[in-house]
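Trainee: Okay, handing you the structure first.
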Amino acid sequence: MSANLLLWSCIAYLLGSVSFAVLISRLRHLPDPRQLGSRNPGASNMLRLGHRSMALATLMGDMGKGALAVALAWRAGLPLAEQGWVGLAAVCGHVLPIFHRLQGGKGVAAAAGVMLVLVWPAALLAAAVWLTAFYWQRMASLASLLASLSLLPWLAWQAPTLLLPVSLMVGLILLRHRVNIGRLLNGQETRFKP
């Protein structure tokens, strides 16, 4: 690993460690989202708790930090493959944030921001899969899992140099959704009301 890659990966991890759901809740003097609903500090839980504007702000913030991490790596001249590793570091920061006692989110929004800068066509494909799956079943977890998995065949075909870091990113997202996967298999996953 080059010193440049290590530096930008550390910066990306610190960027990823900023939890917008927690920060926005504190600014609005609301309870910590890690203590309510699904206990996940992400946009879906903020929406579940009835805060639509805060859910949107959380989504934009979490996507933005992933996008910013990769954009900085690109600006620093890192090749595409190394930008992928920097993106993975940002998602790791979101999942295990040093600023919030390692109690982070599931990584989907941060990964979406990463992919939007890395390879926007793959990000658009994943967004289309997410929207279709959510419209079909009204389950954010199922939509997120399918959208994440949809990235891998596209990358294997169009951007194989990104396949390893993005596969690890997808694996991390699947791991963070392990409880949801169990509920999906048992037919007990929560649906959003229309």
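Trainee: Suppose all protein chains stay in the model; what accessible area per residue would a 1.4 Å probe give for segment 1-158, in Å²? Spell out each step's value before the answer.
Mentor: Numbers: 7710 Å² over 158 residues.
Counting only protein heavy atoms, the per-residue value for segment 1-158 is 49 Å².
Trainee: At R0 = 25 Å, how high is the FRET efficiency between GLN137 and GLN35 if r is their beta carbon distance? Nearest 0.05 is fine.
Mentor: Once the sixth-power term is evaluated, E becomes 0.35.
Trainee: Out of the total accessible area of segment 38-194 (probe 1.4 Å, heavy atoms of protein only), what percent is carbon and sulfur?
Mentor: With neighbouring chains kept in place, the figure for segment 38-194 is 68 percent.
Trainee: Hey, another quick one. Counting only other residues whose beta carbon sits under 12 Å from that of LYS193, what net charge do I get with K and R as +1, D and E as -1? Please report the intermediate quantities before stating the final value.
Mentor: Details: positive: ARG48, ARG138, ARG191; negative: none.
For residues surrounding LYS193, the net value is +3.
Trainee: If you don't mind, another one. Going 7 Å from the Cα of ARG26 toward and past its Cβ, which residues in segment 37-70 have a backbone nitrogen under 15 Å from where you end up?
Mentor: 41
Trainee: Let me ask you something else. Among TRP136, TRP8, what's the order by accessible area (1.4 angstrom probe), most exposed first?
Mentor: TRP136, TRP8
Trainee: Let me ask you something else. Please report, ordered by residue number, every helix of the chain (full DSSP H runs) that is 20 Å or longer along its axis going by C-alpha atoms and whose mean Kyte-Doolittle hydropathy reaches -1.0.
Mentor: Working: long enough: 52-75 (33 Å, 0.66); 80-95 (23 Å, 0.99); 120-137 (25 Å, 1.08); 140-158 (27 Å, 1.25).
The answer, listed by residue number, is 52-75, 80-95, 120-137, 140-158.
Trainee: Using R₀ = 30 Å, calculate the FRET efficiency as 1/(1 + (r/R₀)^6) where r is the Cβ-Cβ separation of THR190 and ILE98; round to 0.05.
Mentor: 0.50
Trainee: Quick check: convex hull of the Cα atoms in the chain, volume per residue, rounded to a whole Å³?
Mentor: Measuring per residue, one finds 111 Å³ for the Cα hull of the chain.
Trainee: Okay, moving on. Kindly provide the helix-only [θ] at 222 nm of the chain, computed as the sum of -39,500 (n - 2.57) over DSSP H runs of four or more divided by all residues, to the nearest 500 deg cm²/dmol? Don't skip to the end; give the middle numbers.
Mentor: On the way: 10 runs with 138 residues, N = 194.
Estimated from H runs of four or more residues: -23000 deg cm²/dmol.
Trainee: Taking the Cβ-Cβ separation of CYS10 and ARG183 as r and a Förster radius of 30 Å, what is the calculated FRET efficiency to the nearest 0.05?
Mentor: For CYS10 and ARG183, the calculated efficiency is 0.25.
The values are calculated or read from the model by the stated rules, or taken from the named source; none is laboratory data. Computed from a prediction, not measured in an experiment: that's the story for all the values here. So basically every Cβ, Gly included, is an ideal-geometry build from the backbone, and we count neighbours across all protein chains shown. Side chains included, ligands, DNA and RNA excluded: accessible areas come from the protein's heavy atoms. Shrake-Rupley method; radii C 1.70, N 1.55, O 1.52, S 1.80 Å.
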